[in-house]
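The values are calculated or read from the model by the stated rules, or taken from the named source; none is laboratory data. It should be emphasised that the depicted structure is a prediction, and the values quoted were computed from it without experimental measurement. We place every Cβ from the backbone using ideal geometry, glycine too, and count neighbours over all the protein chains shown. Calculation scope for accessible area: heavy atoms of the full protein, side chains included, ligands and nucleic acids excluded. Shrake-Rupley method; radii C 1.70, N 1.55, O 1.52, S 1.80 Å.
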Amino acid sequence: MRQLSELDASFLYLESANAPMHIGSIYLFDASERDTPLAFSTFIAYLRSRLHVVPVFRQRLKEIPLRLGRPYWIDDPEFSIERHLAYVSLGENSREANLMTLASKIIEEPLKRDRPLWHITFVDGFRLGEEKEGSEKGREGFALIVKLHHAAIDAFSGEEIISKLLEYTPKPQPINAPRPWQPRPKPSEERVIVQAGVNILRTPWRFASLAVGAAETTARGLIQKQLLKIPLPFPLFSAPHSPFNRKITPNRQIVPAKIELSRLKAVKAALGDVTLNDVVLGLCAETLRRYLGNQGTNTGQSLIAMTPISVRSSTLRRTTGNQMSAMLLDLATNESDPARRIRKIHWNAVSSEPYRDAIAADRLTELLPSSMLALSARLYSELQIAQRYRPVFNLAITNVPGPQVPLYLQGAKLTQQYNAAPLFDSMGLVIVAVSYQGSLTLNFTVCPDVVTQSDSLRSHVHDSLEAIEKAASELDPEEMHTPLTETRSQTLTDDAMGLLESALKRLTGRFRR
């Protein structure tokens, strides 16, 4: 048995009818170089031969009675690959828009928990390059719509899994016979209960150890940066109200926008001391600013994004599970100049570094049990805190570097991938940026009942990149070397210190009485 971490388990407990917690991907393949179309039966045989590279594909959850502890991954003695596959033929509706509509409907459905938490839909009859009615028929192809639960993977490990499942050569490789696999015996209920009891006894010591470790790293950061200068974490509920932060419904829509990676690298070079990730975040910020402007929303206060960061060790080649940290980042959307905004984003990210590196997210969730985290999230939703007060953050943005060399599946080239991330209640928009073979795709996962006119996001991305390129070319070179001093982080530090001071005054006042 392998027990889920607190972070992994939290994605199980956070799941609801309106918010399934799986990661979705749509992969488009060009099969025009194959002698014959790829049959669904061939795909099944291919996938069956590669199941050994992803052990979690044959593992299911084992819940603890009375929720006395986190669930375990155990081998599924009834595993059948057919239970995780579906076949769809688009027929006459073989355009990409129809594929995305189909994918949105599939991604809306939660995964079934009585089996390993993944599912793949094989979409036949899909043609690439056929976008408009009456246009010439596109190239022969097919698509895969993949769902993997967030309890099993994060966005970064998901890319690793797909890279291992696919091939790096355009020549179809022989499909080998599946490796022999015998599921390990299912653990008895008595063993599970005994193990849960042992874990409960260990919890106080683990809590104390984590608390001491967290205190030490935080204290070290305070000493290094000096108390008054350190960029303290954002006070809760400091993000502004936005159209994204309302109660969501089960409906989903994926809006992708593809751009050349070379254009982003040129902006990075023009702006000097910024990273490519800063440029991607700046592009997201400009896109959101334009969208909000068209919606008539006041952009006077800057949006706050939660940005996951992989803390996966290069020496620990474990491709499953969540190994992430995260930080809250000011997107500087109240800055009108898109080039200066990227520099501010860079500064805000750098100033958050001591806290970003201090404690990984899985250690933080061990300090706050996953069941308590789920309860907090449900109360946050049911009490409509995001609507009554300011939200903790407005949206999540993840930037996942993908392979820059082409991938293949039995001679069919992967030409494009789109990604969908789970939405939380009171957060109707998530952005996942994925690069592949010289291009970057911004994938907007939206609840269309919350984020209206979401199709406009695609055109806003292209307009935003042009605006950033123009602003970067006009930015004074001397300004690029001038250090930033007045940032959102600085003002938030003052706010945080003020809140702490007033809380201490109230506390000491009670003792005096």
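Here's a check for you: in the range 448-463, which residue that is outside any loop (DSSP other than H, G, I, E, B) and either of a type in the set (S, T, N, Q) or touching a Cys at 6+ places or on another chain (Cβ under 7 Å) (or both) is surrounded by the fewest Cβ atoms within 10 Å (Cβ to Cβ)?
Ser459
Looking across the range 10-31, the residues that are farther than 20 Å from Ile161 by Cβ and surrounded by 16 or more Cβ atoms within 10 Å (Cβ to Cβ) come down to Ser10, Tyr13, Leu14, Glu15, Ser16, Asn18, Ala19, Asp30, Ala31. Looking at Gly138, Gly134, just one residue is open to solvent by less than 30 Å² (accessible area, probe 1.4 Å) and either modelled with pLDDT of 95 or more or over 26 Å from Tyr13 (Cβ atoms) (or both), and that residue is Gly138.
Being within 17 Å of Thr297 (Cβ to Cβ) and in contact (Cβ under 8 Å) with a residue 60 or more places away in the chain is the requirement here; does Phe424 meet it? Judged against the criteria, Phe424 is not a match. Consider the range 412-447. How many of its residues are open to solvent by 10 Å² or more (accessible area, probe 1.4 Å) and on the phi > 0 side of the Ramachandran plot? Within the range 412-447, residues that are open to solvent by 10 Å² or more (accessible area, probe 1.4 Å) and on the phi > 0 side of the Ramachandran plot number 2. Checked against (1) without any contact (Cβ under 8 Å) to a residue 24 or more places away in the chain; (2) in a helix (DSSP H, G or I), Glu92 meets all criteria but (2). Name the residue that is nearest to Gly138 (Cα to Cα), counting only residues in the range 388-433 that are small (Gly, Ala, Ser) and not in a strand (DSSP E or B). So the residue we want is Gly411.
Within the range 151-172, if we keep just the residues that are part of a loop (DSSP other than H, G, I, E, B) and modelled with pLDDT of 90 or more, the residue that is least open to solvent (accessible area, probe 1.4 Å) turns out to be Leu166. Taking the criterion of being part of a strand (DSSP E or B) and touching a Cys at 6+ places or on another chain (Cβ under 9 Å), the only residue of the range 244-259 that qualifies is Gln253. If you filter the range 53-89 down to residues that are of a type in the set (Gly, Ala, Ser) and either assigned to a strand (DSSP E or B) or modelled with pLDDT of 95 or more (or both), you find that the one that is nearest to Ser41 (Cα to Cα) is Ala86.
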